[in-house]
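To keep things clear, I will list the structure first and then write my remarks on it.
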Amino acid sequence: MVIKKILILIAIVGSCCAAVWAYLHRDMSSLPLNAKEQQMIDTLFEKTKPQCIGRYIYQVPLSFANDMNDGAEINEIEISSERLYRPVFEQRIRLREQELKNEKTMNPKNAPYLKQVIPLKNLDAIIFDSNRNSFGPGYGRTLEAHLYSNGVAFTVTTDIMDFSDPKFHQDKREYLAAGAREQFLDSKYTKLAEMQNLLSRLKGRKDDEVPTEAGTCIAEGFIADNNQKNKEEFHIRYTFDDFIFAAKSYTTLVTGDTLFERSNDIEPILRTTGYNTIRKGKFSLPGLDAQEWLISGKQEVNDRQVNAYNFVLYANEKMPDYHHPVLSIILHNSSKDTKTYSSEQLVEIWDRIIKTFQLRQGAF
C-alpha cells in the first residue's frame, strides 16, 4: 500500500532538498469545524486521562485503550505485560514450564530443551533458561522471566550464548578461531544479572497512574531508574475503526537527522502519488524541539478509493540522548476507511492530544 511505503520512508535517512521542500511546503490548512463536527470532538474529549510512555506524559480521551503491551525494550531485553488474576498467572507459569520440559531437540546433542529453572522468590518471579528453538544449537538460548506485580504479569526475554557445557567447547573454539569475542560467546551470567536487576526495578501500575519517581513507563508498568544510561525503546498504540494513534519514545537514534532533513526521500513519493501537505512546520511543545508533517491522499480499501491520512511528529531528533529521548507520534488510517471523522476532525484530534505531551516531572 502507498501509505505503508510513506510510513517507512519517513524514517529513512536523507538530506534536505531546499527547492523541492519549498514547493511542497504549501499550507493546505483544514477548514474550521462545523457545529456538529465540533460537538463530536468536544464530546470525545469531555473526559480525558493521563498516559505515560517512557519519560513522557500526555492526555487522551477516556475511551482510548492501549493495545500494544509488548512494545518495551531496554538494552536488548524485551518486556511485555498483561493484567491478570494471580491464579491465572500461576497457572501460566506451570503450563509454560511443562511446555518447555516437553519440547524436543532435533539433535540429541542440544538436549535438554529446558536447561535451567531459576526461581526468584524475593521478587515473585521465575526465569527459564531454554533453547531458542528445537532445531538450533544448545548454546544459543533464551532467558525468559515471568514476574507478577500489582496485578500485572510481565514476561521479560533476552537471547544469550552459553558454551559452558563441555559438549559445546569445540563449537566455542571454532567461534574464537573465526574472530568471535569471548564476551559474546558467554553472555549468560552477564545477561542474567542484568535481567535480575531489571526485574527488581519493575512493578505493575494502573493505566492512568503517573509515577513520581525517576524511571520509565511501559504498558501497565514502571521501571525505576538504575542510574545508568540505558538503550530504551517504548511503544504505545490506540487502534480504532477509523484511525490508529501511536507514540514511540527511544534513546537509540544515532544519526541526528530531523524529519525535515529527510524530506528529500519523502517528497518525490508525495508528488507521484497525489498526496498533499495539510500542514508542515515546527511544533511548540514544553522543552521539546519538535517538527510535524500532516499529509492526505487516497488509498485503496476493499477495492474502493478512500481518503488516506498520515500525520507525524518527531521531537529531539537533533539531540538524542538519555536526557533527551526521541519522541515520535503518528496518526494514520492505513488500510482503514475513515467514515466517522472528517479530515478536519482528525486534525483537531491530533492537535488536542499532541499539545499535551511533555517530559514527566521527576522522570530523571
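The values are calculated or read from the model by the stated rules, or taken from the named source; none is laboratory data. Please read all numbers here as calculations on a predicted model, not as lab measurements. Using ideal geometry, Cβ is built from the backbone for each residue, glycine included, and neighbour counts are taken over all protein chains shown.
What to note about this one:
- The residue that is surrounded by the most Cβ atoms within 10 Å (Cβ to Cβ), counting only those in region 28-45 that are of a type outside the set (S, T, N, Q), out of contact with any helix residue (DSSP H, G or I) (no Cβ under 7 Å at 6 or more places or on another chain) and part of a loop (DSSP other than H, G, I, E, B), is M28.
- R92 meets all of the listed conditions (1) over 16 Å from F154 (Cα atoms); (2) out of contact with any Pro (no Cβ under 9 Å at 6 or more places or on another chain) but one, namely (1).
- Residue in region 324-331 that is out of contact with any Leu (no Cβ under 9 Å at 6 or more places or on another chain) and not basic (K, R) present: no
- The sole residue among G274, G297 that is small (G, A, S), farther than 30 Å from E213 by Cβ and without any contact (Cβ under 8 Å) to a residue 60 or more places away in the chain is G274.
- Per-region count, region 226-243, residues over 14 Å from the mean Cα position of the chain (by Cα) and either closer than 13 Å to S149 by Cβ or at pLDDT 95 or above (or both): 5
- In region 139-237, counting only helices (runs of 4 or more DSSP H) that sit wholly within it, the ones holding 2 or more residues that are among the aliphatic types (A, V, I, L, M) and on the phi < 0 side of the Ramachandran plot span 169-177, 188-201.
- Residue ranges of strands (runs of 3 or more DSSP E) in region 46-111 with at least 3 members under 13 Å from the mean Cα position of the chain (by Cα): 72-74, 77-83
- Leading residue by the ranking (nearest to the chain's Cα centre (by Cα)) among those in region 261-304 that are modelled with pLDDT of 90 or more and aromatic (F, W, Y): W293
- Conditions (1) of a type outside the set (G, A, S); (2) in contact (Cβ under 8 Å) with a residue 40 or more places away in the chain; (3) loosely packed, with under 15 Cβ neighbours inside 10 Å: number failed by Y56: (3)
- For G179, the conditions (1) among the small types (G, A, S); (2) within 30 Å of V301 (Cβ to Cβ); (3) free of Cβ contacts under 8 Å to residues at least 24 places away in the same chain all hold with the exception of (2).
- If you go through region 258-274 and pick out every residue that is crowded, with 17+ Cβ neighbours inside 10 Å, out of contact with any Leu (no Cβ under 9 Å at 6 or more places or on another chain) and of a type outside the set (S, T, N, Q), you end up with 2.
- Matching residues in region 113-137 - criterion: being over 27 Å from P166 (Cβ atoms) and assigned to a loop (DSSP other than H, G, I, E, B): D124
- All positions within region 231-257 that are of a type in the set (S, T, N, Q) and surrounded by fewer than 19 Cβ atoms within 10 Å (Cβ to Cβ): T239, T252, T255
- Complete set of residues in region 196-214 that are touching a strand residue (DSSP E or B) at 6+ places or on another chain (Cβ under 8 Å) and more than 18 Å from V152 (Cα to Cα): E213, A214
- Every residue from region 185-218 that is in contact with a helix residue (DSSP H, G or I) (Cβ under 9 Å, 6 or more places away or on another chain), farther than 28 Å from K248 by Cβ and not charged (D, E, K, R): L185
- Any hit, region 305-320, residues being touching a Lys or Arg at 6+ places or on another chain (Cβ under 6 Å), crowded, with 18+ Cβ neighbours inside 10 Å, among the hydroxyl-bearing types (S, T, Y) and modelled with pLDDT of 95 or more: no
- Checklist (1) over 19 Å from the mean Cα position of the chain (by Cα); (2) among the aliphatic types (A, V, I, L, M); (3) closer than 23 Å to G71 by Cα applied to V254, failing item: (1)
- Filtering region 298-338 to residues that are part of a strand (DSSP E or B), more than 22 Å from Y238 (Cα to Cα) and of a type outside the set (D, E, K, R) leaves Q305, H324.
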